[in-house]
Structure formats: structure tokens, C-alpha cells
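Data first, discussion second: the structure below is written as C-alpha cells.
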């Protein structure tokens, strides 16, 4: 296809920056070869930096190979699942690529999940081995019943600290009561021991179409399910993301990894994309604004992938003027709409470019980004990344492409689109139709080929960049003996973008306070999923067929904020 024909099909191509290809040649190799290739080219470069300690590419590859060998020694077979219950730390990177190299499938978990949440996903994915931080090991062990879990590999957060800090950390942790005692046995193994043996002897035979990662998402229905992301999907999206940023000659190649690696965005943009370029990841296990400012001033990163709340916190920090942030060149904001004020304020303090992008777990996840140079449009999610087609179709049947400016469902196709949902054929058929992924988001495209998200067809909330599914929270609310009806809606929040507010109808004669119901939720949900408030009602607004009208509740809740 010549450039003119390609431009007719994808009119937004004229907005590509010089140096960004329209199409990319993707190597037909498993995902873990991104690390192998980088280690072969740059063995002595820092690959991961954690609390001041560097792991070179050569060291990282050796640890990955040994971890893969350790998994095979525990009996891991090709295609079996390994669940990761880890914050951002070198162990996550080692376990992720080690699992792939051993022929396994990675299943990242949010480490903040409580026992009920862990048990549900373990039962669904059928993981045979789990890798967890000691602080979360008790929850994983308690959730083991009813699952196929046979082995639990346990690590401590200080395992890859530099020597002085590694020795001091246990003293502080014991004073805080955060140093649980883990006794190795036939099913519980130290992470250090797993990486101490022989490296993997023979890598599993893997194809581009084989599943590499099962990543849980709400999909288009709000019910958590696992997207099957293949080696080909993730390699393609790493290349697509890396090509969007044309590296200047004086770039350091350093990326700040504060977004959680268990999330699809950080997995691709922070981890896979950085290793593809042979760059350095500076990892932080949790977000603290001043700690990130110090990291930027010390390590001079080019890239800082984030979410609006992160950029807002950094630009608004009272100490921001004390730090040199001028190294930051490219920041792509995802997970929620980027306010224009946050964008302009952050660009003023860094001198870099902050643009909005879009993606979803089912697409590995990146599909759209605003150009980092040249034309961009505030409020827009930008244009499709290379080799990605997008269009807007009617909401009823999804068969008619709508004209420019008209709102409908956003559908996309490209090499990064998932193979389907794990063990869910009906949901897969609804989301994937003739190679097009139906995103569940309502969007429009303007005359220049820029896309805009208008609303969510699905009812998921995004709070602080993390997904919250109303149905899951409502089920927990309904489990309270005093609750008759419940609904969760999202309301704007200046810090987290959006938070959940619950509306509750009590059973006749029952009594419960707001704090009692919130305490009930805290026991059964990760902290970020717990509603930020409870409003008691005598009834909830419903349609003629009895469906709760969440939109009405959301409008009333927002009006109450004014």
C-alpha cells in the first residue's frame, strides 16, 4: 500500500512526528528476548535501580535465568501460571521474565488485594506457583485453599537494597511490626534460594500466539476477567510505545517506574519498553511526591509515565522549586482524563512534554497517544499508534462506522489486541468481532483524526489510576446484614480524579452507621476500592425494568459537591 492509500485509510498519519514509522517490523520472538537482546548489547549498563543499587543487564539476565531454572526445579510445566504478588522491585522483573523463560504464564496481582480477592483470582487462573512479598504472604497462604497453588516463593523488600540499607531495614521494620517470620518448608521457598541454583537448561518452545500474561480487567461488562496477552501482543506494543518517543542524542535512557508494574500501562511502557531500548528503570515501590522529585533530580530521567494525579501532585508540591526537573522530556498520561491545568503546570516546572494517551488492558494496553511534538489537542486522547486502526461505530449494533464528530463506541484493531478472555468464550465473542476490539468507551473523532473519549459505556471507576468495578463493591455492600440495596457511583476528586460514593438502602428495622459499613468494606476490599462515603436513602432511582439508575445518582452526588 502506498503512502497516499495509507493516508486515505488512516488520515491521522499526517500527524506522526519525523522519525516515527507508519509501520513497524516486529521480531517473531518470545517477550523475554527483549531482555536477552539488551543484555547482549549492553551487558554493563544499569537495567534496574532500586534504592540506590544498580543491577546491570548481565546481572539481571543471570538472575532471570536462575529463577527460571528454580521454577523448573519446582516442577513448573509449559503453560502453567505463576502469580506475582509484588510491588515495584527487582524481584517483580526477575520473576516476570523468569516465568516466561521457564515456559510459564505470568499472572500479576495487585499486592494490596485482601484474601477474598486473591482467592477468587487464584481459583480462576489456576496458578501453581505464587511469588509474594513477605508482608503479603499471610494473605496468599490463607487464600491457597481451594486453589491449585502448590508452591509459594517469598521475598523481602530489602533483598536488593544496597548493603548498608539492607542491614538497617530489618531493625526499623521490626520496630514497626512489619517483619513477619516466614519458615521455609516443602511448599514455601525463599526467593534467594530460587535464584541460587543452576540457570534454566532449555528454554520452552514458545510461539508469538502463545499466552505470555493473564491480566485481570473488568473488560466491557464490569466483571473481572483475565485478558490473554500473547508474546506477540506484548512485543508489538513495546515496539509501538518505544517508537512513539524519538530519542534525542543527549537522552539518558532512564525511566522512572513509580506506576505499579502489575498494571498493563507500567508493564508495557515502563518495563518492556525500557528494556527494549536498553534503558534504565528506577523503581519505587510506592508513590511519594518528594521521593519522585529527588529521583528525577538525581538520575535525570527522560521519561516519566504517569497518571494525572501523579503529575498534579508533583507540580503542586511545595518543594518542587528546589529540584532540577529539566531532564524530563516525555510524559504520557493515561488511565484518566488529563486536565489542561495539570498539563500546563507540569510542563512549566519541567520544560518537558506531557500529553494524554489512551489504552486498555485488552490492547496491551496502548492504542492512542497525542504527538509529543507538533500538533496536539487538549482533551483528546490523540491518534492511533503505528499499525493500529480505530473507528467509531454505532452504540446499538456496532456495525456502522459513524461520521466525523458523531459519538459512538470506540473500536480498535492492531497487533497488540488480546487473544481473548481466559476461559470466557461468550465475553470474548462480545469484545472481539472480526478482529476489532470493542472498547466499551464512547468516543468521537474530529476532522484531523484526533479521538476524544466522551463517556464510559462500561461503569468502571478509575481512582488514582486504578480500576474499581461497581459490581464488585456492591456485592460486598450487599453482604452486610443490614443492607437491602446498594449502588456505587464515581464522583470527581481533585487528588484521585474520581472516587466511589455508595448509596445504601437499609433493610426494614435494621440499623447501621456509615463507619460500620465502611469497616465491613475495609475487611473485604483493597483500600482504594473502599467507598469514600456512604449516603443512606429510603430508595434508589430505578428504570421501568428495575435497573438502578446510576447516572441519576452520580448527577445528584456531583450536584451535592457544588
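For beta carbons closer than 8 Å, sequence separation of 6+ or different chains, a first residue in region 512-539 that is not assigned by TED's automatic domain parsing to the domain that holds residue 492 and a second that is part of a helix (DSSP H, G or I) and surrounded by fewer than 19 Cβ atoms within 10 Å (Cβ to Cβ), there are no qualifying pairs.
Residues that are assigned to a loop (DSSP other than H, G, I, E, B) and surrounded by fewer than 20 Cβ atoms within 10 Å (Cβ to Cβ) within region 353-385 comprise 371, 373, 374, 375, 376, 377, 378, 379, listed in sequence order.
With the requirement that a residue be free of Cβ contacts under 8 Å to residues at least 40 places away in the same chain and either part of a helix (DSSP H, G or I) or surrounded by 18 or more Cβ atoms within 10 Å (Cβ to Cβ) (or both), what does region 55-68 give you?
58, 59, 60, 61, 64
Taken over region 69-89, the residue count meeting the criterion of being over 24 Å from the mean Cα position of the chain (by Cα) and either outside any loop (DSSP other than H, G, I, E, B) or not assigned by TED's automatic domain parsing to the domain that holds residue 168 (or both) is 5.
Per the conditions (1) in a strand (DSSP E or B); (2) within 30 Å of residue 208 (Cβ to Cβ); (3) in contact with a strand residue (DSSP E or B) (Cβ under 6 Å, 6 or more places away or on another chain), the sole criterion not satisfied by residue 467 is (3). Return a yes/no flag: does region 46-54 have any residue that is touching a residue at least 60 places away in the same chain (Cβ under 8 Å), assigned to a loop (DSSP other than H, G, I, E, B) and crowded, with 24+ Cβ neighbours inside 10 Å. The answer is no, given that none of the residues of region 46-54 is touching a residue at least 60 places away in the same chain (Cβ under 8 Å), assigned to a loop (DSSP other than H, G, I, E, B) and crowded, with 24+ Cβ neighbours inside 10 Å.
Taking the criterion of being in contact (Cβ under 8 Å) with a residue 12 or more places away in the chain and more than 20 Å from the chain's Cα centre (by Cα), the residues of region 280-313 that qualify are 290, 293, 294, 295, 296, 297, 299, 300, 301, 302. Quick check: anything in region 474-482 touching a strand residue (DSSP E or B) at 6+ places or on another chain (Cβ under 6 Å) and in contact (Cβ under 8 Å) with a residue 60 or more places away in the chain? Checking region 474-482: not a single residue is touching a strand residue (DSSP E or B) at 6+ places or on another chain (Cβ under 6 Å) and in contact (Cβ under 8 Å) with a residue 60 or more places away in the chain. From 497, 490, which residue is touching a residue at least 40 places away in the same chain (Cβ under 8 Å), at positive phi and crowded, with 18+ Cβ neighbours inside 10 Å? Testing whether each residue is touching a residue at least 40 places away in the same chain (Cβ under 8 Å), at positive phi and crowded, with 18+ Cβ neighbours inside 10 Å leaves just 497.
Kindly establish whether residue 98 is modelled with pLDDT of 95 or more, within 21 Å of residue 231 (Cα to Cα), in the same structural domain as residue 149 (by TED's automatic domain parsing) and part of a loop (DSSP other than H, G, I, E, B).
no
The values are calculated or read from the model by the stated rules, or taken from the named source; none is laboratory data. Please read these numbers as outputs of a predicted model, since none were measured by experiment. FYI the Cβ positions are ideal-geometry reconstructions off the backbone, even for glycines, and counts take in every protein chain you see.
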